[in-house]
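First the structure, in the form of structure tokens, and then the observations on it.
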Amino acid sequence: MLKDLIGKASIKVKNTVERGAVKKFAEAIGDMHPIYIDEETGKRSRYQVNIAPPTYPRVFDYGHIDGLKLPNKGLIHGEEAYHYERPLLVGEDVYCYTKITDYYEKNGAHGEMGFLVLENNGEDRNGRTIFTSKSVVIITEAVRRLLKL
Amino acid sequence: MTKMAEMIVGHALEDIQLRPVTRIDLIKYAGASGDFNPIHTIDEEAKKAGLPGIIAHGMWTMGNLAKLFTPYYEEGFIQDYSIRFRGMVFLGDVITLKAELKERVENRMSFEVQAINQEGGPVLKGKVVYPLYKPAVKQT
């Protein structure tokens, strides 16, 4: 039961905001701005280094929550919300973990659907929050049947 | 480019219209983000999922939308960026990105953002909160 997993979190994983990965990501979203990729622009900016795009945390590894097995297919991404204390800096280490904050079911056009709310977190080496993000993932009835939820 | 500090409620950032969505765009995003859900890249998988064809990752569109704000990086930063995914984006769709200033409390700017397709239908909608670093030019 997904409901039983509410409150469960993964163990923090150390990630690095890698220059090459940021460049690849910026290219993939069509935002090759020098603040993301040009070292000189980064140095001259108020951050004194390049920064990463706001949706870059998609790239990070947040670790694994015991008991949570979601398929690669059949999920619908309903909502996404980021909150930043400051932009992510290229080259810095970010300690990431994920937590299940809610799960509920609703009747919709496609039968009874499950709504899983995940909160992703990224902290600096001193444990200070850099960003949090909330994702709402919709699990369709077909997938719920498959997973025997 | 106008300074963000000079914007008043009702002003909008300049729209950006994307080129028609291609499969390569989505393959690149899958590789860069690590999201390999096959409904975004492989036709048969999309059809098996009941879709007429592959659809863009919602996060691809959300990632694209943020570039409306990138040129202002010296003035402030995206503090909050929240989106509801409203419609699917198919190959060949032409997406337009929009941001309108809805509220301003001193240096805290709140924008309504959206991405619409060539039929004017919203594919995503949400909000960006963009605080400015420096004291802003006095509003008149």
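Bear in mind that the values in this text are calculations on the coordinates, not laboratory data. Only a predicted model underlies this, so the values are computations on that prediction, with no experimental measurement involved. Cβ atoms come from the backbone with ideal geometry, glycine included; neighbour counts cover every protein chain shown.
Before moving on, here are some points about what is shown:
- Entry remark, the range B:102-113: residues being in a strand (DSSP E or B) and farther than 15 Å from B:LEU65 by Cβ number 7 in total.
Residue-by-condition table, conditions (1) facing another protein chain (nearest Cβ under 9 Å); (2) assigned to a loop (DSSP other than H, G, I, E, B); (3) not hydrophobic (A, V, I, L, M, F, W, C):
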| position | (1), (2), (3) |
| --- | --- |
| B:MET1 | no, yes, no |
| B:ALA5 | no, no, no |
| B:ILE8 | no, yes, no |
| B:GLU14 | no, yes, yes |
| B:ILE39 | yes, no, no |
| B:ALA46 | no, no, no |
| B:ALA66 | yes, no, no |
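Here's the yes/no breakdown for (1) farther than 22 Å from B:ILE78 by Cα; (2) basic (Lys, Arg):
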residue: A:ASP4; (1), (2): yes, no
residue: A:GLY7; (1), (2): yes, no
residue: A:GLU18; (1), (2): no, no
residue: A:LYS23; (1), (2): no, yes
residue: A:HIS33; (1), (2): no, no
residue: A:ILE37; (1), (2): no, no
residue: A:ALA52; (1), (2): no, no
residue: A:PRO57; (1), (2): no, no
residue: A:ASP66; (1), (2): yes, no
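- Checklist (1) under 22 Å from B:SER82 (Cβ atoms); (2) more than 15 Å from the chain's Cα centre (by Cα) applied to A:GLU27, failing item: (1)
- On the stretch given as the range B:68-105, residues that are surrounded by fewer than 19 Cβ atoms within 10 Å (Cβ to Cβ), under 23 Å from A:GLY78 (Cβ atoms) and within 8 Å of another protein chain (Cβ to nearest Cβ) total 3.
- Residues in the range A:31-57 that are over 22 Å from A:ASP124 (Cα atoms) and buried (at least 17 other Cβ atoms within 10 Å of the Cβ): A:ASP31 only.
- Filter pass, B:GLY120 being within 10 Å of another protein chain (Cβ to nearest Cβ), free of Cβ contacts under 8 Å to residues at least 40 places away in the same chain and over 19 Å from A:PHE131 (Cβ atoms): no
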